[in-house]
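Where a number appears in this text, it was derived from the coordinates with a stated rule and is not lab data. Quantities reported herein were computed from a predicted structural model and do not represent experimental measurements. Cβ coordinates were reconstructed from backbone atoms using ideal geometry, including for glycine residues, and neighbour counts include every protein chain displayed.
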């Protein structure tokens, strides 16, 4: 989805190359007396997608059985297709290939 709704025009757009992302954040706490404030801030944090009609697919599954000698390679292929390498990791891949 390339069109960002108007209500999000003031937000920074972060594009992910896969359907799974992780959001990590920290809130500073100056001691036990500050916990009430920290908990109040945490309750206000919300993450949601821009496209409410997007299909939620979850982690891809691999059709194998426990005796399958190629299970590792099948999983690797499936996960690499679902989670492509981002541009920032391509220099590292060049080093690993050499």
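Note on residue 64 and residue 22: their simple-model spin labels are 2.2 nm apart, each label 7 Å out from Cα toward Cβ. Residues 18, 98, arranged from fewest to most other Cβ atoms within 10 angstrom of their Cβ, appear as 98, 18.
Computed extension gain for residue 98 through residue 86, at 0.36 nm per residue and net of the alpha carbon distance, reaches 2.4 nm. Just one of (1) 1.03; (2) 1.10; (3) 1.07 is Rg/Rh (Cα atoms, Kirkwood Rh) as worked out from the coordinates here. Which one is it? The value matching this structure is (2). Axis of helix 71-82 versus longest Cα principal axis of the chain: the two differ by about 50°, to the nearest ten degrees.
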